[in-house]
Amino acid sequence: MHPRISMITVEELLGVPPGYPPWRVADMARRARALPTWLSTAYARGIPLSPAAQEVLDREWRRVETLHGIAEAMAAAHRVTVLKGVRIAGHLPKGMLRQSGDVDLVAADEEALWRCVQDLIERFDAVPQGVSVMTGTDTHYGVALKWPASEAFLDKPMGADVTTCAFAGNFAGVPIRTAPLDDDDLCSIFAVAEERFQRKYRLKDLLDLLVLAEVAEDRFGGELLTLIPRYAKEVCLAPELLQLIGKADAWVPVSPLWEAIAAALQPVAQDEKAARKGGGRVMHRLEFGLPISSITSTAGIAERIERGGGDLLKTPIGTCLLVDSPVVDADELAAALEFLRRGGPAAVICPGGAA
């Protein structure tokens, strides 16, 4: 077994040199976007915190606890599954904070998605940032929402991402995979790996991987040597998981079992890269839905409206202009608003977002 995750693991992942004073470690953690997590480990080890630092830590704990409560409330009220957050945080050593930017929720279907989104809007006055529409052999939706943190001028806004697919892929070789894996811990491993399609891996991702690797090894033992490559092939994430393991291992050595898993992932990753380049996969098209009107659909699902110059999507939370890029030309936006003013939404072409 590799060393158990401890209060110094964050400093190992930061690459802190021996004898570094706490203020310099704090600066390293800040640059790695992991300051609150490091502060929690410093507090747990008895390192004195200034009142300002203690306030930052206390606010972050309240934020995380609030987000966890929201995730649990949404899962109880709607047919949605929570990805990552609460599950991973529960595996950390007592007193170690897992930072959280938002809540990741996977809805069982489109109607469940809109009900969950409407609930978030009503409870927290959440503001939809946009609607992602993914069309192909079927149609999937994603809605990102934001609302103020308790300290609105200092802290990142609270947020939730609600989608109808567990893994959205990259729309350039990695397809949408709809359902989460049956096991929460194994699903979380691949949900962390999937983050690479959005950004480079951060310290938080490496810590998540190490924690989940330890838990999974305790639960499944040598069975992981078969399970992980099989699931990696199933969800098309062998290259990303291999990269994630390698980056974590560079700072905190993984166990011999996970070294063997990484070796077993090599051929799977090569096959996956070849499949992405082969062009044989059916890919969804991604469109961005820019909110432009409070006109809503009463059907419980989204309705697409064909319009020259850019279709509209009338949803239960408002109407969006569908574009291929988040950057919208002012004339294009003005034309869409004029279309709405003239009563365009009455001309619904088809439900469900399919053209």
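Remark on region 264-305: Rg and Dmax equal 19.2, 52 Å (Cα only).
Evaluate the Debye formula for region 231-355 with equal point scatterers sitting on the alpha carbons, no solvent, and hand back log10 of I(q)/I(0) at q = 0.15, 0.18 Å⁻¹, in q order, two decimals. Treating every Cα as an identical point scatterer, log10 I(q)/I(0) equals -0.74, -0.86. Shape class for region 1-67, computed from the alpha carbon gyration tensor (a ≥ b ≥ c): oblate, with a/c not under 1.5 and a/b at or below b/c. Think of each Lys and Arg Cβ as +1 and each Asp and Glu Cβ as -1; about the Cα centre, that makes the dipole of region 221-355 roughly 220 debye.
Estimated at 0.36 nm per residue, the fully extended path between residue 295 and residue 156 surpasses their Cα-Cα distance by 47.1 nm.
Qualifying chymotrypsin sites (Phe, Trp or Tyr not before Pro) in region 107-211, where qualification requires a DSSP coil assignment and no more than 16 other C-beta atoms within 10 Å, comprise 153, 171.
Split the accessible area of the chain by element, probe 1.4 Å, and carbon with sulfur accounts for 54%. The ellipsoid that matches the Cα gyration tensor of the chain has semi-axes, each √(5λ) in whole angstrom, of 38, 26, 17, with the longest given first.
Loop-located trypsin sites (Lys or Arg not before Pro) in region 50-95 (DSSP state not H, G, I, E or B) with no more than 16 neighbouring Cβ atoms inside 10 Å: 79, 94. Fully extending the segment from residue 329 to residue 62, taken as 0.36 nm per residue of separation minus the present Cα-Cα distance, adds 92.1 nm.
The values are calculated or read from the model by the stated rules, or taken from the named source; none is laboratory data. Quantities reported herein were computed from a predicted structural model and do not represent experimental measurements. FYI the Cβ positions are ideal-geometry reconstructions off the backbone, even for glycines, and counts take in every protein chain you see. To get the accessible areas, we keep the full protein, side chains included, count just its heavy atoms, and leave off ligands, DNA and RNA. Shrake-Rupley method; radii C 1.70, N 1.55, O 1.52, S 1.80 Å.
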